[in-house]
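The values are calculated or read from the model by the stated rules, or taken from the named source; none is laboratory data. What you see is a predicted model, and the numbers here were worked out from it, not measured in a lab. Quick reminder, even Gly has a Cβ in these numbers, built from the backbone with ideal geometry, and neighbours come from all protein chains shown. All accessible areas refer to the heavy atoms of the entire protein, side chains included, with ligands and DNA or RNA removed. Shrake-Rupley method; radii C 1.70, N 1.55, O 1.52, S 1.80 Å.
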Amino acid sequence: MDIGNIPAVASALSAAETADAVSMTMLKKALNTQAAAAIGVLQALPPPLPANPNVGRNVNTVA
């Protein structure tokens, strides 16, 4: 077993963990930005209007 590589391996693992943490933070920020944009688009939509306002107001009790 070669113990001379232990500091290099530890340094590489630390760098990988840091890169992973940065990537996750950026992903979370991107998802939050997209969620805010989607909410803005949905709030900008007008409320749905019925095709015919007279449909569904009367109940046929004879049939």
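When the test is whether a residue is in a loop (DSSP other than H, G, I, E, B) and loosely packed, with under 10 Cβ neighbours inside 10 Å, Val59 passes it.
Could you identify the single residue in Leu49, Leu42, Leu27 that is open to solvent by 100 Å² or more (accessible area, probe 1.4 Å), assigned to a helix (DSSP H, G or I) and without any contact (Cβ under 8 Å) to a residue 24 or more places away in the chain? Walk me through how you get there before you give the answer.
Details: Leu49 fails: assigned to a helix (DSSP H, G or I); Leu27 fails: open to solvent by 100 Å² or more (accessible area, probe 1.4 Å).
Unique residue meeting the criteria: Leu42.
Name the one entry in Leu49, Leu13, Leu42, Leu31 that is within 27 Å of the chain's Cα centre (by Cα) and at pLDDT below 95. Spell out how you get there, then give the answer.
Numbers: Leu49 fails: within 27 Å of the chain's Cα centre (by Cα); Leu13 fails: within 27 Å of the chain's Cα centre (by Cα); Leu31 fails: at pLDDT below 95.
Unique residue meeting the criteria: Leu42.
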